[in-house]
1. Once you keep just the Cα pairs under 8 angstrom separated by 6 or more residues, what percentage relative contact order results for chain A?
2. Could you tell me which of rounded, prolate or oblate describes the range A:243-375, using a ≥ b ≥ c as the square roots of the eigenvalues of the alpha-carbon gyration tensor, with rounded for a/c under 1.5 and, failing that, prolate when a/b is larger than b/c and oblate otherwise?
3. What residues from the range A:195-225 fall in the zone where the backbone N is under 18 Å from a label point 7 Å along the Cα-to-C-beta line of A:Ser307?
4. Just to be sure I understand the model, the point goes 7 Å from the Cα along the line to the Cβ. What's the resulting A:Arg250 to A:Lys2 distance in nm?
5. Exposure proxy check: A:Phe509, A:Phe648 ranked by fewest other beta carbons within 10 Å?
6. Quick one: net charge around A:Tyr521, please, counting Lys, Arg +1 and Asp, Glu -1 for every other residue with C-beta under 13 Å from its C-beta.
7. A:Lys865: which lysines have alpha carbons under 24 Å from its alpha carbon, excluding same-chain residues fewer than 8 sequence positions away?
8. Which aspartates and glutamates does A:Lys547 reach when only Cα atoms under 12 Å apart count, and residues fewer than 8 places away in its own chain are ignored?
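Just so it is clear, none of the values below were taken in a lab; they were calculated from the coordinates. Keep in mind that this is a model prediction, so the values were computed, not measured. As a convention, Cβ positions derive from the backbone with ideal geometry for all residues, glycine included, and neighbour counts pool all protein chains shown.
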Amino acid sequence: MKFSKAYEPNENEPIIYALWEGENAFAPSGTGQPYSTVMPPPNANGNLHIGHGFEMGLKDILVRYHRMKGFDTIYIPGADHAGFETWVVYERELEKIGQSRFDFSRDQLYGQVWDFVAKQRGNMELQIRALGISCSWQDLVFTLDKKVVDTVYDTFKRMWEDGLIYRGEKIVNYCTEHQTSFADIEVDHQDDKGYLWDIAYPLVDGSGEVVISTTRPETLLGDTAVAVNPKDKRYAKLVGKKVKLPLTDRKIPIIADEHADMTVGTGAVKITPAHDPNDFEVGERHNLPRIQVIGFDGLMVSAAGDSYRGLTAIAARDKVLDDLEKLGLRRGEKAITHSVGHCYKCGSVIEPLPMEQWFVKVKPLAKQAIAAIENGDIKFYPNNKGKVLVGYYKNLRDWNISRQIPWGIPIPMFSKFEEGDNAPEWVFDTRVDQTEIVVNGTTYTRDEDTLDTWFSSGQWPFITTGYLDDETEPEPKEGKNSINRPGQTPDLARFYPNTVMENGIDLLFPWDSRMIMLGLYRTNQVPWKDLYVHGMVLDESGQKMSKSKGNVVSPMEMIAKYGSDAFRMGIIAGRSAGMSQAFSKSNMVAARNFCNKLWNIARFVQDKLEESYQPHDMQLETSADHWIVRQLNAARRSVESNLAAYRFAEASEAVYQTIWNDVADWYVEANKTTFNPDVLAFVLETSLKLAHPFAPFVTEAIWQNLSWTDNLLIKEHWPEKMHFGSEEAKQFESIKQLVTEVRLVTNQLPGNKRYNLLFQSDQLIDTNRSLIKQLAPITEVQDIDVPHGMRLAVSGHAAWLDIDARTLKHHHANLVARLAAVEDEIARLDMRLHNDNYIKKAPGELVEETKHQLTEAKKLLQRLKNELEITESIA
RNA sequence: GGACGAUUAGCUCAGUUGGCUAGAGCGCCACAUUGACGUUGUGGAGGUCAUAGGUUCGAGCCCUAUAUCGUCCACCA
C-alpha cells in the first residue's frame, strides 16, 4: 500500500514537481485553441511574497483547468531585473561590506548586479516550483534578455521617430538619497505636519509690501517672481511693479497668473520655477529665469548665496527664517497639514528639481487606451476597474522614463555636445556598450541613464510571445547578457494577445496601464482580453503587510507548515476580485484537512479495489451510483461556470463541498455495504480531476499511487458530462433524507441508544435495508404489519423508530416545536397565495412551486399531528 | 479636494440578472468512535444582512439620505 495514513505534503511535492518537469508537462500542446497568460515578472532580487503566491496560484488554476480542457495552453514565466527595486537591494548589500556605488564605474556596477541577480533568481525560481506553478520554464524570459532589449529598443526608436519620446527639461521627482528621478506614480504622498509662513516682500518703489505664504522658505532664494490672480482687485495696481527679494539683491516682478488662488493665504504666491512643478509652468508662461538653489545632493548650491551654500535644505530653511526675522519681514506662521511627496523606498522627502530627462508623450497613447477600454476590448474583473483606469489615463502627465541608476536597460541615445546655447543633437543608436560612438565622422556620447523598468515590462505580453519578432530589426552583434535556454517553444506568436492578465490592484496603474498603451502602440491590439485584478492580502488583523510592521506572512513558511495545495486553496478561499482581505490561517488549515480527506478517500478506494484491479466500462447500478454521478456533474458545471467568471473561491468551494460532503460522507459510506469497483474508481478519478487545478500536488500524488492509473493527471482530460438515472438519484436522495431524520431524532433522544427501524410496505426501504443500516444509527430494519413506536414524519416514508413509550413521551416537546414551525410555514405560504398581486405578477412557475410547497407542508403537518396524537395518547 | 470600495453569524468572508427557510471555513455546544481519515464522524445553537426612508407581488441585492471604516488619486502655495 503506497498510501500512508496521513498525507505528507512536504514528502510528495518535490517528487511530483520533478515528475511534471521531467515529462515536460507544462509546455503548450500545440493543438487546440490557444490559451495564454504571462507571469508579471517577479523581481529577480529576492523572495516571493504572499501576493506573488496568490497571483501565481490564481493563474495556475486557470492554466491547469484550460490545459485539461484541451486548450493549447501556456503560462510564460518571467523574471524582472526590476531596475530600481533591485538597485536598492544591491546598494544595501554594498553598504554591508562598507562600499558604495561611487567606488565603481557604471559598467562594473552593471556586471556586479548581473551576478547578484543571477544568484537571487535561482532562489525565486525554486519558490515558484514550490508553489506548484505549471509554467513553461523553457520559455522563461528575463527582462534583460537580448530579445527583450531588442524589442524595447525597437519600440524606443519608433516612439522617438514618431515624436512620442522627447528630451525635455522639467521638474522631476528626485530622491536625493538614491540620486535618481522617479515617475509621478512612484512618489508616495503623505500628509505631513508643517508650517505655512507669511513673509513680506518689500516693493522696490517703497510704497509698501506684498505678503506671500510658503511652506518652503528656503526656496525663496530661487524666486523669480511673485504671482497674483489677474482677477484679484487687491493687487491689480501692483501688477508690473517689482519687489525686492529678501536676503538677495535681486528685484523680481509681480505678475498676473491664473495659478495664484485668491482664496489661499494672502492671494499672492512666490514663484520658484526651479523647485516647484506649478511654478515651473508659470515660469514657462512668463518667460521667467530658473534659478536652482538646491542641488541634486540635497544641499544648497552657490546660487543660493554664500551664506547658504552647502547647507541642507532643512538647515537653510531655519537660517532663512532667522535671517528674515532679523530683517523684520516675517508676518506670521501657522501649523498646517499638507501633502508631501516621499521616496517610496527610503521615505526621504522628494525634491522637485529641474532636469533634462527622456519623456513619453502620453496623451496620444492614453487616448487610444481609453478608446479601447470604452469600446469593451478588455473585460475587467471587477468591472469598475475599467472606469478607474480611464480616470487615470485622463489625468496622466508625460511619463519620465530616465533613471539615474546603472542597473537597467541603457537608454539608446547619444548626444553631440554643442557649443553655446544650442541644445545638443541626439541620435538613436543601440551600441550602448560603448560610451562614445562615431557617426559620419562626428563623435556622440552615450546618455548615462537607464530606462524605467515599466517601459520594458510594459511591453511584456508581445515581447514574451515574440509577437513582433519578424519586424524587430536584427542586431548586428550578440548581446552579452542573453540567457540561452534550450528547447524554447517555437512560434509563440499565436499566444498574443494573451487570453488573460491577472495581477494585484497595486499594479493597475504602473503596469497594466502601460501594457495597454504600449500594446496598442506596437500591435494595434490590446495585450489581453481579460484583466482580473485581485486585492491585497492583508495580515490577520486587516492591516497592510509591511516589513517595517513585521507582520509579513511568508508563502514559503505556509507551504512548509501546511503544504503547497493548502496554501493555494487557503489563500483563494473567500476572496473576490479587487477586494483586499485579511489573511486567514484557518482557511489554510481547512484546506490542509481537505487534502488529507482526499488522500484518505483514495486510500479507502485503493484498499477496496486492491492492487489487481483493472478498469472496465462502468455500469451504474445502485441508487448511490446514480446520485453521485449527478452530484459530480453539478460540481463540474459549477467549476466551469465559476471559472469562466473568475470566481475562484466559489469554484474551489464547489469542489471542496462535493468531495467532502457527497463523495466522502455519503458515497464512500454507501460503498461500505456493496460497491461497484468501476464506479468507485470513476468517482475517485473524477474527484481528482475536478480538484486538480486547485490542489495539484495531492491529486497528482494520489494519481501516481493508484495501482490502475498511468500517465499524469496534469495531462488528463477534464471530466465530461455523465448520464445517470434521475429517478434512481432521487431514490438515494430520499434514503438520505430518511437517514438524516433518524440521526436527528436519535441525537435528540436521551441515552445514546440505537433503535430498530420499522417500515410498512415501503419498497424503497425494503430494497435498501443494508444501505440504511450502514448509514443510520439503527440496529435492524424490520418489516411490520402494525405500526408502533415513533413515526419518521419528515421524510414521508412509512417508517417508524421502535421507541418505547417512555422515551416517546420524552420526544413530545420536540414534536410540538416541529409542528409549530410547520404551521408557521403554512401560514406564510398561504398568505403569499392569497396575495392577488403575487398571483398576477410573479412568474407562473414560481406560483406553482409555492402551491407545491404548500401541499407538501400540509401533508407533513398531518403526519406530525397524527404523531402527536399517538404520543399524547401514551401520556 | 476628487474618486472608489466596504458595513451580512463570535472571527474571516461568500451571496452572479431582486424570488421566497441568507451560506462557507474556523470557533462554540452536545454526542459518537478504535479498519479511509481525530487533519474524524453525527446533530445542533448562533444573523431584525450598519441606520432611516423609498421602489416592488417580493429587497442582503435596486434608489435616496445618514453614519462608520478603508483604499486610491491630486501640481493646494
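1. Values: 1520 pairs, mean separation 107.3, N = 875.
Answer for chain A is 12 percent.
2. On the way: a/c = 1.92, a/b = 1.62, b/c = 1.19.
Prolate, since a/c reaches 1.5 and a/b exceeds b/c.
3. Residues A:199-202, A:217-223 qualify, since their backbone N sits under 18 Å from the label point.
4. Between A:Arg250 and A:Lys2, the simple spin-label model gives 8.0 nm.
5. Numbers: A:Phe509 17, A:Phe648 26.
By the 10 Å Cβ count, ascending: A:Phe509, A:Phe648.
6. On the way: positive: A:Lys157, A:Arg158, A:Lys361, A:Lys363, A:Lys367, A:Arg514, A:Arg522; negative: A:Asp154, A:Glu161, A:Asp162.
With Lys, Arg at +1 and Asp, Glu at -1, the net is +4.
7. Within the straight-line cut-off, A:Lys865 pairs with A:Lys736, A:Lys809, A:Lys851.
8. Within reach: A:Asp539.
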